[in-house]
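Okay, so here's the structure we're looking at.
The values are calculated or read from the model by the stated rules, or taken from the named source; none is laboratory data. The model shown is predicted, which means the values in this text are computed figures rather than measured ones. Methodologically, a virtual Cβ is constructed for each residue, glycine included, from the backbone with ideal geometry; neighbour enumeration extends over all protein chains shown.
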């Protein structure tokens, strides 16, 4: 509906997503992308202008235009989201939403579990990225109070589309990707899609590669007009090394005792030891059926089998009596430091199904959109390996020990790995931990009631969770709720207020024989959305207050009993906007966070302020086919968890230049244009994480 063009999506872009050049842009020719579906993060296709909470969407065209190579990079222009909190990474995605770590979902089913035991989703297989901000317990059960990230898979399309994309860039980056979709028969009863990616790449860290292979075939069967069933298969293989080198504070954030600084591309491991190899296989079924004009049903189900073989040596952090960084200059005498040697052989297996029934009807002048759902998930995680901490270092004398001495140490200013501990010794440290299993059952209901310009949304969910870590088993139950009220003025303004909560089980004993209670999170959010009537745009201003309870006691020492009196808070303000203005698309985002952990310090690695803007240009007329974009990202100061270690703010620029004609699309993307060296964060325990350096990637896309 033309008057709801912006309301139906977070993003309107007159950006020419087709292969052929577009004529001069006009309102009715705008390409609508990024629309919410019933398999979205909200489990609803309700337009954002009618949703009483903050939801951000990054559609495929913006992912391409900004040259994002992974999920974290795709989120760097999203308000309230720190897309790369630990800098350049190869092991996974670690985005924070509203200051808190956020779980990753795919097609509204959780997709990543544990630590580094399955590969990150490949960005080329994704249609759009969605961020549901704040607790989502009424929809998903257990989770983070900050929110969640949902990626939407590319699915078979009725209209035929075939493309080959070839990319080459610095650090010897080379990638080829293919995406074919269309009908398998004349009637369109059967649709198919085949996606493949092959990447061979070095990285900004010496000796660290990031090679990836992906196959994602899918098929859709539409036996009737009111029914469709889609099967998504995925194979994801990663052959890489860990980009995070865990560099020490002295020599990065602070000068070393000798006044020197460590090169940010320095490799502190050993190429004959370090690796991060991960594989995953998954099968997802998406079923949609309409019974009649009122009732419909959706079923999402997935099986995933994943594993990762992870080995790495890094510079060891010797804590002081407070378990924080050690300022002792002798630790870095002449730049030589001990290393820790780690191996983790990890697995994860998931069975999940989410079934939803919907009813859309009107009674007494009130329109109801009812959803009744049931969800089951069974996840088993396995971890085994060893951790040879600070090998050759005597914690009492703070000198090389008598057994290994400094044989396996490394000089951070001239990092040459001369020796690896014997396999016989490392194998003697190998420990197979019991598998950790979790079974979750949840039932939920929600109703969106519309009366005139008023929209009220309420939701309730009950969950039973059973967790077994091989030593003890624990059952938890919780009730989660949400409510939101929004009013749509004819002028385009829509003020709203909402409440949401969630929980997270914690297995363990409080020291008195009682099981630990689940951590709990609650949020109150108020804001105003604006959809101008004179031009296509969407703007949102939101304020929120998140409280976490049942956390560890303030000032609790490692290994101490948890009494769960700890509390944390996150308060903030967010502004996000996007608009199509003639040949231009412009996005402006900003956020401010005030955070506090149970000990009264700021949350670690969470910047207090963030701001970004992206401007793209696609002219018509004789310049049709030309495209350009420029963006600026500002990340404010952050602290290491004790308010003593401060990581300075930084500002980065990104750019895109390209041309489309006929079946060809040429583009050049440059991120971190000035090649700024910066630290993404430094933690109180003593490790620092360099940010992503300049990347230059040229792509050629051929559509046929």
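Results for (1) at pLDDT 95 or above; (2) surrounded by 15 or more Cβ atoms within 10 Å (Cβ to Cβ); (3) not in a strand (DSSP E or B), shown as yes or no for each residue.
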{"site": "244", "(1), (2), (3)": "no, yes, yes"}
{"site": "257", "(1), (2), (3)": "no, yes, yes"}
{"site": "282", "(1), (2), (3)": "yes, yes, no"}
{"site": "305", "(1), (2), (3)": "yes, no, no"}
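Given (1) modelled with pLDDT under 95; (2) over 21 Å from residue 239 (Cα atoms); (3) in contact with a helix residue (DSSP H, G or I) (Cβ under 8 Å, 6 or more places away or on another chain), identify the lone condition not met by residue 179.
(1)
Out of (1) touching a helix residue (DSSP H, G or I) at 6+ places or on another chain (Cβ under 9 Å); (2) not in a strand (DSSP E or B), the odd one out for residue 491 is which?
Answer for residue 491: the failing condition is (1).
The rows are residues; the columns are (1) within 26 Å of residue 278 (Cβ to Cβ); (2) modelled with pLDDT of 95 or more; (3) crowded, with 18+ Cβ neighbours inside 10 Å.
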| site | (1), (2), (3) |
| --- | --- |
| 195 | yes, yes, yes |
| 199 | yes, yes, yes |
| 209 | yes, yes, yes |
| 213 | yes, yes, no |
| 216 | yes, yes, yes |
| 221 | no, yes, no |
| 232 | yes, yes, yes |
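Which pairs do you get when a residue that is farther than 23 Å from residue 91 by Cβ, found in the stretch 333-353, comes within reach of a residue that is modelled with pLDDT of 90 or more and part of a loop (DSSP other than H, G, I, E, B), reach meaning Cβ atoms under 6 angstrom, with the pair 6+ apart or on two chains?
Cβ pairs passing all conditions: 335/412; 335/413; 336/409.
Looking for whichever is modelled with pLDDT under 95, surrounded by fewer than 19 Cβ atoms within 10 Å (Cβ to Cβ) and either in contact with a helix residue (DSSP H, G or I) (Cβ under 6 Å, 6 or more places away or on another chain) or closer than 23 Å to residue 146 by Cβ (or both) here; the options are 524, 507. Which one fits? Working first, answer last.
Numbers: 524 fails: modelled with pLDDT under 95.
Unique residue meeting the criteria: 507.
Taking residue 216 as the residue in question, decide whether it is closer than 20 Å to residue 69 by Cα, in contact (Cβ under 8 Å) with a residue 24 or more places away in the chain and not in a strand (DSSP E or B).
Numbers: closer than 20 Å to residue 69 by Cα: yes; in contact (Cβ under 8 Å) with a residue 24 or more places away in the chain: yes; not in a strand (DSSP E or B): no.
No, not satisfied.
Report yes if some residue within the stretch 126-138 is in a loop (DSSP other than H, G, I, E, B), in contact with a strand residue (DSSP E or B) (Cβ under 9 Å, 6 or more places away or on another chain) and surrounded by fewer than 24 Cβ atoms within 10 Å (Cβ to Cβ); otherwise report no.
Within the stretch 126-138, the subset in a loop (DSSP other than H, G, I, E, B) is 134-136.
The next check asks that each one be in contact with a strand residue (DSSP E or B) (Cβ under 9 Å, 6 or more places away or on another chain); those that pass are 134-136.
Add one more test, that the residue is surrounded by fewer than 24 Cβ atoms within 10 Å (Cβ to Cβ), and what stays is none.
Scanning the stretch 126-138, I find no residue that is in a loop (DSSP other than H, G, I, E, B), in contact with a strand residue (DSSP E or B) (Cβ under 9 Å, 6 or more places away or on another chain) and surrounded by fewer than 24 Cβ atoms within 10 Å (Cβ to Cβ), so the answer is no.
Every residue in the stretch 446-474 that is in contact (Cβ under 8 Å) with a residue 40 or more places away in the chain and over 27 Å from the mean Cα position of the chain (by Cα), please. Before you say what the answer is, go through the steps one by one.
Pass one, the stretch 446-474, residues in contact (Cβ under 8 Å) with a residue 40 or more places away in the chain: 446-451, 455, 457, 459-461, 463, 465, 467, 474.
Answer for the stretch 446-474, where residues must be in contact (Cβ under 8 Å) with a residue 40 or more places away in the chain and over 27 Å from the mean Cα position of the chain (by Cα): 447, 448, 449, 450, 451, 455, 474.
Within the stretch 453-476, work out how many residues are surrounded by 14 or more Cβ atoms within 10 Å (Cβ to Cβ), over 19 Å from residue 494 (Cβ atoms) and out of contact with any helix residue (DSSP H, G or I) (no Cβ under 9 Å at 6 or more places or on another chain).
Our first condition is that a residue be surrounded by 14 or more Cβ atoms within 10 Å (Cβ to Cβ); within the stretch 453-476, this holds for 455-469, 474, 476.
Going one step further and asking which of them are over 19 Å from residue 494 (Cβ atoms), we end up with 459-469, 474, 476.
Among the residues that remain, those that are also out of contact with any helix residue (DSSP H, G or I) (no Cβ under 9 Å at 6 or more places or on another chain) are: 462, 464-469, 474, 476.
Total satisfying the criteria: 9.
Only one of these conditions is not met by residue 112: (1) in contact (Cβ under 8 Å) with a residue 24 or more places away in the chain; (2) farther than 30 Å from residue 186 by Cβ; (3) assigned to a loop (DSSP other than H, G, I, E, B). Which number is it?
Result: residue 112 passes all but (1).
For the stretch 503-521, how many residues are farther than 22 Å from residue 436 by Cα and outside any loop (DSSP other than H, G, I, E, B)? Give the steps one after another, and end with the answer.
Quick first cut of the stretch 503-521, residues farther than 22 Å from residue 436 by Cα only: 512, 521.
Remaining after also requiring outside any loop (DSSP other than H, G, I, E, B): 521.
Going through the stretch 503-521 one residue at a time, the tally reaches 1.
For the stretch 56-84, how many residues are part of a strand (DSSP E or B) and in contact with a helix residue (DSSP H, G or I) (Cβ under 6 Å, 6 or more places away or on another chain)? Spell out the reasoning first.
Kept after step one, since they are part of a strand (DSSP E or B), are these residues of the stretch 56-84: 56-59, 81-82.
If we keep only those that are in contact with a helix residue (DSSP H, G or I) (Cβ under 6 Å, 6 or more places away or on another chain) as well, we get 58.
The number of residues fulfilling the criteria is 1.
With respect to residue 500, determine if the residue is at pLDDT 95 or above, touching a strand residue (DSSP E or B) at 6+ places or on another chain (Cβ under 6 Å), farther than 23 Å from residue 97 by Cα and buried (at least 16 other Cβ atoms within 10 Å of the Cβ).
Details: at pLDDT 95 or above: yes; touching a strand residue (DSSP E or B) at 6+ places or on another chain (Cβ under 6 Å): yes; farther than 23 Å from residue 97 by Cα: no; buried (at least 16 other Cβ atoms within 10 Å of the Cβ): yes.
No: the conditions fail for residue 500.
Residues to consider are 121, 156; find the one that is more than 30 Å from residue 499 (Cβ to Cβ), assigned to a loop (DSSP other than H, G, I, E, B) and either touching a helix residue (DSSP H, G or I) at 6+ places or on another chain (Cβ under 8 Å) or without any contact (Cβ under 8 Å) to a residue 24 or more places away in the chain (or both).
On the way: 156 fails: either touching a helix residue (DSSP H, G or I) at 6+ places or on another chain (Cβ under 8 Å) or without any contact (Cβ under 8 Å) to a residue 24 or more places away in the chain (or both).
Checking each option against the conditions leaves just 121.
Out of all the residues in the stretch 50-64, which are farther than 15 Å from residue 152 by Cα and either free of Cβ contacts under 8 Å to residues at least 40 places away in the same chain or surrounded by 23 or more Cβ atoms within 10 Å (Cβ to Cβ) (or both)?
51, 52, 53, 54
Every residue, every condition in (1) touching a residue at least 40 places away in the same chain (Cβ under 8 Å); (2) in contact with a helix residue (DSSP H, G or I) (Cβ under 9 Å, 6 or more places away or on another chain), yes or no:
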residue: 224; (1), (2): no, no
residue: 240; (1), (2): yes, no
residue: 262; (1), (2): yes, yes
residue: 274; (1), (2): yes, no
residue: 281; (1), (2): yes, no
residue: 299; (1), (2): yes, no
residue: 313; (1), (2): yes, no
